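Visitor: Provided herewith is a single structure, encoded as C-alpha cells, for subsequent inquiry.
The values are calculated or read from the model by the stated rules, or taken from the named source; none is laboratory data. All values reported here derive from a predicted model rather than from experimental measurement. In this analysis, Cβ positions are derived from the backbone assuming ideal geometry, glycine residues included, and neighbour counts consider all displayed protein chains.
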Amino acid sequence: VAIKKITLQGLIRKEGTVNELMVVKMNKNPNIVNYLENYLLHEQLWLVLEYMDGGTLRDIIKETQMSEGDIATVSRECLQGLDFIHSNHMIHRNVKSHNVLLRTDGSVKLADFGLFAHLPRGQSTQSSVAGNSGWMAPEIMAGQPYGPKVDVWSFGIVGVEMVERKVPYWNETSVSPQLLIATEGIPKLQQPELFSALLHDFLSCCLQTDEARRWSSKELLQHPFVTSAEPASSLVPLIMSVKRRKEKK
C-alpha cells in the first residue's frame, strides 16, 4: 500500500474536502486509484491507497517517446476514469500527467483528489478557482462558472504532453502558459506529419476553448482514435522498460 498525508489546517471547507474523498472511496472504479482506509490525525488526513508500482505518466513521458497506439490506450483508460467521475456529479480539477498512475500489469488510474469538487443534485457548474495553471481550462482562468469539461481540457493538455513530451509553452516565457494557450491557441505539433489525422482530431475535440464545443468524456470514449486503442495490457512493455531505466539511475 501507499500512504498519502493531506494537511487540512488552513483549508477552506475541511469537511467538504473529506467528504469528497470519501465519495471516491465508496465508488470504486478500475481507473481510479483505490482508497483503502483513512485516518484523521492532528489536522492531517492520512489516506491508505493501493500501491501503483509503475510510477506516473509523467515518468513515462520524461523517459521515452510514446507511440500513437500507447497514447490511444492511455487516453481511453483515463477517459473511462473521468467518465465515471463526471457521471457521479464530480469534477477532478487537477488532471495532469503527474496524477495519472500506472501498474506493471498495464493498469492506468487517476489519482490525487485533493481538489475534487462535488456538484450537488441540480447544479451543473462550479465557480471556485482550482487547478494547476499549465493544465487549467480557459473558463477557470477567466473566472467563469465551469463544469466537468474542464477535466477534458486538462486531459487534452496531457495528450499534447504525451506527443510533445512537454506542456505547451511551459518554461518558454515568463507569461503564464495557460494565458498563451487561451490567447494564441494550442501550438501546432512540431512534426504534425508523424501523427495521424485521428490523433489531431482527438486533441482538437479536447482543446476547444469554447466549452460548448468541447467534447465530454463520454463522447470522447466514442472517438475513433480511442475506440481503436489496444487493451491496457499492451502498455506493459512500455511501463516495464521505463521502470527498469529508472531503477538503473
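Visitor: Filter region 147-161 down to residues that are aliphatic (A, V, I, L, M) and buried (at least 24 other Cβ atoms within 10 Å of the Cβ) and give me whichever is farthest from residue 208 (Cα to Cα). Quick ask: steps written out before the conclusion?
Guide: Here is the first cut: in region 147-161, the residues aliphatic (A, V, I, L, M) are 150, 152, 157-158, 160.
Still in the list and also buried (at least 24 other Cβ atoms within 10 Å of the Cβ): 150, 152, 157-158.
On the way: 150: 11, 152: 10, 157: 11, 158: 14 Å.
Filtering first and then ranking leaves 158.
Visitor: Please specify each residue of region 29-53 satisfying the condition of being outside any strand (DSSP E or B) and modelled with pLDDT of 80 or more.
Guide: Our first condition is that a residue be outside any strand (DSSP E or B); within region 29-53, this holds for 29-31, 33-34, 42-43, 50-53.
Passing the criteria: 29, 30, 31, 33, 34, 50, 51, 52, 53.
Visitor: Another question, then. For region 202-211, give me each residue that is surrounded by 13 or more Cβ atoms within 10 Å (Cβ to Cβ) and either touching a Lys or Arg at 6+ places or on another chain (Cβ under 9 Å) or farther than 18 Å from residue 66 by Cα (or both). Working first, answer last.
Guide: First, pick out the residues of region 202-211 that are surrounded by 13 or more Cβ atoms within 10 Å (Cβ to Cβ): 202-209, 211.
Selection gives 204, 205, 206, 207, 208, 209, 211.
Visitor: Given the conditions (1) touching a Cys at 6+ places or on another chain (Cβ under 8 Å); (2) among the aromatic types (Phe, Trp, Tyr); (3) at pLDDT below 70, report the number of the one that residue 153 does not fulfil.
Guide: Failed condition: (3).
Visitor: Turning to a different aspect of this structure: Among (1) aliphatic (A, V, I, L, M); (2) crowded, with 17+ Cβ neighbours inside 10 Å; (3) at pLDDT below 90, there is one condition residue 129 misses while meeting the rest; what is its number?
Guide: The failed condition is (2).
Visitor: Ok, one more. Would you mention how many residues in region 212-240 are surrounded by 13 or more Cβ atoms within 10 Å (Cβ to Cβ) and hydroxyl-bearing (Ser, Thr, Tyr)?
Guide: 4
Visitor: What residue, of 230, 211, 247, 161, is modelled with pLDDT of 90 or more, of a type in the set (D, E, K, R) and part of a helix (DSSP H, G or I)?
Guide: Values: 230 fails: part of a helix (DSSP H, G or I); 211 fails: part of a helix (DSSP H, G or I); 247 fails: modelled with pLDDT of 90 or more.
Result of the check over 230, 211, 247, 161: 161.
Visitor: I'd like the full set of residues that are hydroxyl-bearing (Ser, Thr, Tyr) and surrounded by fewer than 14 Cβ atoms within 10 Å (Cβ to Cβ), limited to region 35-50. Walk me through how you get there before you give the answer.
Guide: Going through region 35-50, the residues hydroxyl-bearing (Ser, Thr, Tyr) turn out to be 35, 39.
Selection gives 39 alone.
Visitor: Can you run down the residue pairs with Cβ atoms below 8 Å, 6 or more apart or on separate chains, where the first is in region 80-103 and assigned to a strand (DSSP E or B) and the partner is of a type in the set (D, E, K, R)?
Guide: Close Cβ pairs (under 8 Å, with a partner that is of a type in the set (D, E, K, R)) amount to 90/20; 91/151; 100/58; 100/109; 101/109; 102/109.
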